[in-house]
Structure formats: C-alpha cells, structure tokens
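Right, one structure below, let's go through it.
Just so it is clear, none of the values below were taken in a lab; they were calculated from the coordinates. Given the structure is predicted, the values throughout are model-derived calculations rather than measurements. FYI the Cβ positions are ideal-geometry reconstructions off the backbone, even for glycines, and counts take in every protein chain you see.
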Amino acid sequence: MIIEGIVTTIGPNQQVHIAPMGPIVDSEMRRLVLRPFRTAQTYRNLKVHPEGVFHITDDVSLLARAALGPVEPAPPIQPASAVRGFILSDACRYYEFGVRSIDDREERIRMDTEVVHSGRLRDFLGFNRAKHAVLEAAILATRTDFLPHEEINSEFRKLGVIVQKTGGEQEKTAFAFLQEYLARVVRLAREAHAGVRP
C-alpha cells in the first residue's frame, strides 16, 4: 500500500528539507520503502545522512507547497527522538526511520527503511474529497515536464469542481496556489514555443 505524506531530511548545510513522498508501507508501519527520483534532494540527503521522518498529515496546503519547491515560511518543527532529524509539529502522526539499504540502479531509487520510533500529535481530521483533489493536483503539478499541459489542465478542471463543492478555506487556497503555478508553466511554455522571451 502507498500512503502519501511528507518526509523531512537534513541537508548538507544542516537545513531541514521538506518533501512530499508516497512510500510503500506495511500494515503495521514498521517498514517504509521510499522511492525518490535520482534528482531529488531527499535522495541526496539520505545518501549522506540516512535518517529522516515520515509524516501523516491532513494539511494539504503544506503538501502542495512542498511539492513545488522550498516551503517558505517553514512550518514549526521539533527535534526527533530516535534519529537525527526533525518532526513537523502540526503533523497527525510521524515515523522516525533509518535507511537500511539503497538500490540506485534505476532512475527511481528504492530505499528500504526501518521505523525506529513513532508518535501521534493530533487526530486526523477525516476523509474529505477536496483534500484528496488537492493531493492529486499537487502530483499532477510536479509532472508538467513530461505530461501534456492540456491533459493536466483538463484534470485540474475536474478537480476544481470537487474543491469548490467540498473544500474549506485551506483546500481552496492550496488549489489556487497550484492553479497559479500551472498557469505560469503553461504561459512560459507557450512563450518559449512562440520564440518569445519570458
């Protein structure tokens, strides 16, 4: 099973890196298989410092912002207990892990990890279609380099209906952020195609 969440790792400059990640998990959440791309900062960080924290959260605004780049301003964090790493203070649950093996023969890396400590900070809000729609939109937004933009726009239109019908302020704000990003990417691509400098 794949569960979408957020991974925090420590970079070479000791800064906390926040990235969305959908690891393969077992039913007891004792092992996580992370699958970052070779170009991902999470992969580079874990190669040097093989410890991190995986978070379950219902904060889709944070998921959307983390999917598209550095999160500014950074959310509140606190030190992890069993690894050298950091916990997102507003997460629902967290799983501190150590990397046990890395298979980097493919472009999509496989990192087998073991959970060494876990905890609960607050209740998960519950199932909400708008939150799932924002999550899907965030994943699509990270694929503008290789998916047709019209296909992504079409999916965004469908997801936008769900967000408007069932979302609260957080979901609508997060979706608007993703829409603005997609519009900027599409505009720059059209200008480049037309030979117009941005």
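What the table shows:
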read-out	value
Peptides ranked, highest mean first, by Cβ atoms within 10 Å: ranges 58-69, 134-145	58-69, 134-145
Lys165 versus Ile3: modelled label distance in nm, points set 7 Å from Cα along the beta carbon direction	2.9 nm
Label-point separation, Arg100 to Met29 (7 Å along Cα→Cβ), nm	1.8 nm
Sites Glu180 and Leu147 - FRET efficiency at Förster radius 22 Å, r taken between beta-carbons, to 0.05	0.75
In segment 63-139, chymotrypsin sites (Phe, Trp or Tyr not before Pro) in a DSSP loop with at most 15 other beta-carbon atoms within 10 Å	Phe124, Phe127
Spatially proximal lysines relative to Lys158 (Cα-Cα < 28 Å; intrachain offsets below 8 disregarded)	Lys131, Lys172
Mean Cα-pair separation over length for segment 5-120, i.e. relative contact order, pairs under 8 Å, 6 or more apart, %	30 percent
Those aspartates and glutamates that a straight Cα-Cα span of less than 14 Å connects to Lys47, excepting residues fewer than 8 apart in one chain	Asp103, Asp104, Asp112
Loop-located GluC sites (Glu not before Pro) in segment 34-135 whose Cβ has at most 12 other Cβ within 10 Å (DSSP)	Glu106, Glu107
Estimated FRET transfer efficiency (Arg38, Phe127; beta-carbon r; R0 25 Å; 0.05)	0.15
Shape of segment 1-140, Cα gyration tensor, a/c cut at 1.5	rounded
Label point distance in nm, Arg84-Arg190, each placed 7 Å from Cα along Cα→Cβ	5.0 nm
Lys, Arg +1 and Asp, Glu -1 on Cβ, resulting dipole of the chain about Cα centre, debye, nearest 20	220 debye
